[in-house]
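The values are calculated or read from the model by the stated rules, or taken from the named source; none is laboratory data. These figures come from a predicted structure and were not determined experimentally. No Cβ is skipped: glycine too gets one built from the backbone with ideal geometry, and neighbour counts run over all protein chains shown.
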Amino acid sequence: MEQTTVKYSISQQIPITLHADVIVIGGGPGGLGAAVAAARNGADTLLIERYGFLGGMATAGEVSPFMANNLNGQSLDRPIYAEWLDAMHKYLPNCNGSMVPVVGSYKHLMVNKDIAMLGAEDLCLASGVKLAYHHTLFDVIVEAGKISTVILMSKSGLTAAKAKIFIDCTGDADLAAKAGCEIEYGNDDGHCQPMTLCFKLAGVDKNRMTDRNILNELYDSGKAAGEINCPRENVLWFDTLEDDVIHFNTTRIAMKSAINGLELSEAEIEGRRQLREYLTFLRKYAPGFEHTRIHSIASHIGLRESRRVRGIKYIGVEAFEQTQKFADAIAKVTYSIDIHNPKGSGTTIKQMPAGKWYEIPYGCIVAKDITNLLVGGRPISVDHALHSSCRVMPPACSIGQAAGTAAAMCLEQQLAPAELDGVMLRKKLKSMGADL
């Protein structure tokens, strides 16, 4: 009989190579907001990232455009998110004009993954954030309900890092899960929104492109003929900054887990299989795509949902439906409920009424089981439906911004995150330029 387990243990002295007051794990939009905010508020801050660059899904996942979290045409996510956009804009030639249609409005933002990476690094370095690239979270040491040390894997082998406060910005709540926090996963059936491999095609004659309805009719015909095997109900594409490049957010890989190593591997393979079919289909049937070629492919499959950390406060879809407000709100959100069917075809969209918004209270980013852990980005203490609204890039950055600011205030006041007055945190965020 084949052996199903192997006994393996580690008992060794691991060098402590990294120290900081605040350690942020994960350099996506949430990690960017957290690290920059903590450093600007006086905390010695270290941002640890498994890749050799920042940006998370904006770069590795090539997610574009950033979905609009706006009110009356203006972004609700300030100041760090807006500064990130400005930092990106500096890498564009003057002939490209603004990345946004109106100065101060971030709707329909078309993002280039490379300048998103550069802009994020610029902000961190200018703010005094220390960066440790190519370090992957391996394990966590918890003592008396606190994280004392994180164990990292790098080319140097296992190393250790110590801090007073930790912020989980991994997107998948990897730090919180390893620390033993209570976790939620997916919907009531335990299924998460599907993954998507994003890609861009060049050599497109945009002047000859058909409208979306006709393209979708061609797509349906291709599916019926067996030329396309993708559960998504339509072709989702976006314009880009380049004259002949179109971005596709249209592959759909359902019923695979982002926190299962083998299933994540299978999802990458399936995403590229669907990409090959799309490339053949578009060249054969779609006007303007006859001579298209691959421009770029995400280096990591796009993840919408996995774990969520239970905090000292929990809110659900009723916050969206009732446009709930909180005295200790740390972010405002107008983005729609946007649930891609975990089992395959179909997308549930519920729009926020014009001029309305809901708020996220501070307690949703404070882990209830670990006394020195905050959460930034998407895996906060909300239900599956509300997560589909607040998971997108702009509010993720603002949620991280709040976590970093809270960490710095806790250090200054010698408090645990659960002891910090969320109303005072909100006042601090407003003084920094947050729209609250």
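How about the range 163-186: which of its residues are in a loop (DSSP other than H, G, I, E, B) and in contact with a strand residue (DSSP E or B) (Cβ under 8 Å, 6 or more places away or on another chain)?
Of everything in the range 163-186, those that are in a loop (DSSP other than H, G, I, E, B) and in contact with a strand residue (DSSP E or B) (Cβ under 8 Å, 6 or more places away or on another chain) turn out to be A163, K164, C169, T170, D172, A173, A179, G180, C181, E182.
Give the range 335-392 a look and list any residue that's over 26 Å from E182 (Cβ atoms) and without any contact (Cβ under 8 Å) to a residue 60 or more places away in the chain, or say none.
Those that are over 26 Å from E182 (Cβ atoms) and without any contact (Cβ under 8 Å) to a residue 60 or more places away in the chain: S336, T348, I349, K350, Q351, M352, P353, A354, K356.
Going by what's in this entry, would T210 be described as among the β-branched types (V, I, T), assigned to a loop (DSSP other than H, G, I, E, B) and under 28 Å from the mean Cα position of the chain (by Cα)?
no
Across the range 11-66, what is the number of residues that are among the β-branched types (V, I, T) and touching a helix residue (DSSP H, G or I) at 6+ places or on another chain (Cβ under 6 Å)?
Within the range 11-66, residues that are among the β-branched types (V, I, T) and touching a helix residue (DSSP H, G or I) at 6+ places or on another chain (Cβ under 6 Å) number 7.
Can you tell me which condition N213 does not meet? The list is (1) out of contact with any strand residue (DSSP E or B) (no Cβ under 8 Å at 6 or more places or on another chain); (2) surrounded by 15 or more Cβ atoms within 10 Å (Cβ to Cβ), and all the others hold.
Only one criterion is unmet by N213, namely (2).
Looking at the range 272-328 only, could you name the residues that are farther than 19 Å from T250 by Cα, touching a Gly at 6+ places or on another chain (Cβ under 8 Å) and not in a loop (DSSP other than H, G, I, E, B)?
Within the range 272-328, just G311 meets the criteria.
If E266 meets every condition in (1) in contact (Cβ under 8 Å) with a residue 60 or more places away in the chain; (2) among the charged types (D, E, K, R); (3) not in a strand (DSSP E or B) apart from one, which number is that one?
It fails just one condition, (1).
Table: residues versus (1) within 23 Å of E62 (Cα to Cα); (2) assigned by TED's automatic domain parsing to the domain that holds I165; (3) at pLDDT 95 or above.
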position	(1), (2), (3)
L92	yes, yes, no
G104	no, yes, no
V111	yes, yes, no
T149	no, yes, yes
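What tally of residues in the range 272-293 results from selecting those that are surrounded by fewer than 14 Cβ atoms within 10 Å (Cβ to Cβ) and either under 19 Å from E217 (Cα atoms) or in contact with a Phe, Trp or Tyr (Cβ under 7 Å, 6 or more places away or on another chain) (or both)?
2
Here is a list of conditions, (1) assigned to a helix (DSSP H, G or I); (2) outside the structural domain of G61 (by TED's automatic domain parsing); (3) surrounded by 15 or more Cβ atoms within 10 Å (Cβ to Cβ), and V204 meets all of them except one; can you say which number that is?
(1)
Looking only at residues that are touching a strand residue (DSSP E or B) at 6+ places or on another chain (Cβ under 8 Å) and not in a loop (DSSP other than H, G, I, E, B) in the range 216-243, which one is surrounded by the most Cβ atoms within 10 Å (Cβ to Cβ)?
By that ranking, first place goes to W237.
May I ask you to say which residue of I312, I269 is in the same structural domain as P231 (by TED's automatic domain parsing) and β-branched (V, I, T)?
I269
Going by the structure shown, is A68 closer than 25 Å to M352 by Cα, touching a residue at least 12 places away in the same chain (Cβ under 8 Å), in a loop (DSSP other than H, G, I, E, B) and among the small types (G, A, S)?
Considered against the rule, which asks whether it is closer than 25 Å to M352 by Cα, touching a residue at least 12 places away in the same chain (Cβ under 8 Å), in a loop (DSSP other than H, G, I, E, B) and among the small types (G, A, S), A68 comes out as yes.
Take the range 168-193 and flag every residue that is out of contact with any Ser or Thr (no Cβ under 9 Å at 6 or more places or on another chain) and surrounded by 24 or more Cβ atoms within 10 Å (Cβ to Cβ).
Once the filter is applied, which keeps residues that are out of contact with any Ser or Thr (no Cβ under 9 Å at 6 or more places or on another chain) and surrounded by 24 or more Cβ atoms within 10 Å (Cβ to Cβ), the range 168-193 yields D168, C169, T170, L175, A179.
Going through the range 59-75 one residue at a time, which ones are at pLDDT below 95 and surrounded by fewer than 24 Cβ atoms within 10 Å (Cβ to Cβ)?
Hits for the range 59-75 are S64, P65, M67, A68, N70, L71, N72, G73, Q74, S75.
So which residues in the range 304-353 are more than 23 Å from I80 (Cα to Cα) and buried (at least 22 other Cβ atoms within 10 Å of the Cβ)?
E305, S306, R307, R308, V309, G311, I315, A319, F320, H340
Scan the range 244-263 residue by residue and report those that are surrounded by 19 or more Cβ atoms within 10 Å (Cβ to Cβ) and either in a helix (DSSP H, G or I) or among the charged types (D, E, K, R) (or both).
R252, K256 - these are the residues of the range 244-263 that are surrounded by 19 or more Cβ atoms within 10 Å (Cβ to Cβ) and either in a helix (DSSP H, G or I) or among the charged types (D, E, K, R) (or both).
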